[in-house]
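Engineer: So that we are looking at the same thing, I have put the structure below in structure tokens.
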Amino acid sequence: MQARKVAILETRLGKELAELVARRGGVPVHAPALAELPDLDRKAIAALVDSLREKPAKLFVFQTGVGTKALFAATDELGVTEIFLKLLSAAVVAARGPKPTAALRSRGVRIDRSAAEPYTTAEILDAIKDLDLKKGRAIIQRHGALNPELDRALEARGAEVMEIPTYRWSLPADTAPLENLVGALERGELHAVAFTNAEQARNLFAVAQRMGKAKELKEALNRTLVASIGPVASAALREAGVKVGLESSPPKLGPFISALDVALS
């Protein structure tokens, strides 16, 4: 990467991503753009399990590893994990990518359908397209935000959809690094910006809007190499009027950094 400055917006794996950039000769500039806040109501989980015993679900969709682990931690605390596992065994279980797959397998859950790469809503819908969901319940383990595209698609097929929140995305408590990043981009001090989540783009623009710099941020990003880990992040960037210069395929950190290295070299 020849000492090129690369902005890292990742939070959970931010340090690891920065280390990968540094190992390839780049200069990471870490500005975490997301906070993951717990959003799991244990009473609601207990009520859901009870209701599923009365009216079982036809489909469960698990979207993230973090959320799947949090959900099982809640059923453990409530003492209803065995009941929940039986409910899962009687339904179709779909996993959106390797992280929820690993979390489910650690609990011995049979996975019936798996989304193909790049693990977007389109792929999970394709994996379950043959299921008859009319008048059936579909339980969705929510990621950090609602997934209206998935909900609407399942409702259109006659399903009764319920999303289980486990955590939510928010702006980090300290937005100073993001504010500094907006300024650095405007001054042309960075060579690339690495987006590993769609919400990072939305939060960066939210901070810029608060600064009165949304237009300047868009112009600055369009003068900079914008690297996206996959189609979901790319869609959010394009929605904001930002040109995506690089999209990883497959949408994983290793190939993402390799592609960024090639682009900057």
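Where a number appears in this text, it was derived from the coordinates with a stated rule and is not lab data. Note that the structure is predicted; figures quoted are calculated from it, not measured. In this analysis, Cβ positions are derived from the backbone assuming ideal geometry, glycine residues included, and neighbour counts consider all displayed protein chains.
Engineer: Can you tell me the FRET efficiency between residue 107 and residue 206 if r is taken as the Cβ-Cβ distance and R0 is 30 Å, rounded to the nearest 0.05? Walk me through the numbers before you get to the answer.
Structural biologist: Numbers: r = 36 Å, r/R0 = 1.20.
About 0.25, to the nearest 0.05.
Engineer: Classify segment 120-265 from the C-alpha gyration tensor, please: rounded if a/c falls under 1.5, else prolate or oblate depending on whether a/b exceeds b/c.
Structural biologist: Numbers: a/c = 2.75, a/b = 1.80, b/c = 1.53.
Verdict is prolate for segment 120-265.
Engineer: Quick one: Cα centre-to-centre distance for segment 222-265 and segment 49-87, in angstrom?
Structural biologist: 35
Engineer: Exposure proxy check: 191, 30 ranked by fewest other beta carbons within 10 Å? Please list the in-between numbers first.
Structural biologist: Numbers: 191 20, 30 17.
Lowest count first: 30, 191.
Engineer: Can you list the lysines whose alpha carbon sits under 18 Å from that of residue 5, skipping same-chain ones fewer than 8 residues off?
Structural biologist: Those lysines meeting the cut-off are 15.
Engineer: Return the FRET efficiency for the residue pair residue 173, residue 85: r is the Cβ-Cβ distance, R0 is 35 Å, and the value is rounded to the nearest 0.05.
Structural biologist: Numbers: r = 37 Å, r/R0 = 1.05.
Once rounded, the FRET efficiency stands at 0.45.
Engineer: Same structure again: Between residue 180 and residue 126, with labels modelled 7 Å along Cα→Cβ, what's the label distance in nm to one decimal, could you check?
Structural biologist: 4.2
Engineer: Bin width 10 Å, origin at 0, all Cα-Cα pairs of segment 38-169: what percent of pairs per bin?
Structural biologist: All Cα pairs considered, the percentages come to 13, 49, 35, 3.
Engineer: Next question, about the same structure. Arranged by the count of other C-beta atoms within 10 angstrom, fewest first, what order do 84, 72, 195 take? It would help to have the intermediate numbers written out before the result.
Structural biologist: On the way: 84 23, 72 19, 195 29.
Starting with the residue having the fewest Cβ neighbours, the order is 72, 84, 195.
Engineer: Just one of (1) 36; (2) 24; (3) 13 is percent of Cα pairs over 35 Å apart as worked out from the coordinates here. Which one is it?
Structural biologist: Computed from these coordinates, percent of Cα pairs over 35 Å apart corresponds to label (2).
Engineer: Could you compute the FRET efficiency for residue 47 and residue 145, with r as their C-beta to C-beta distance and R0 at 25 Å, rounded to 0.05?
Structural biologist: The calculated FRET efficiency here is 0.65.
Engineer: In degrees, nearest 10, range 0 to 90: what is the angle between the Cα axis of helix 198-211 and the longest Cα principal axis of the chain?
Structural biologist: So the helix axis and the longest Cα principal axis differ by about 50 degrees.
Engineer: First check a/c for segment 1-107, with a ≥ b ≥ c the square roots of the eigenvalues of its C-alpha gyration tensor; if it is under 1.5, answer rounded, and if not, answer prolate when a/b is larger than b/c or oblate otherwise. If you can, show how the numbers build up before the last one.
Structural biologist: Numbers: a/c = 3.83, a/b = 2.67, b/c = 1.43.
Cα axes put segment 1-107 in the prolate bin.
Engineer: Assigning unit charges at the beta carbon (Lys, Arg +1; Asp, Glu -1) and nothing else, what dipole magnitude in debye, to the nearest 20, does segment 38-169 show about its Cα centre? It would help to have the intermediate numbers written out before the result.
Structural biologist: Numbers: 21 positive and 18 negative charges, 41 e Å.
The calculation lands at about 200 debye.
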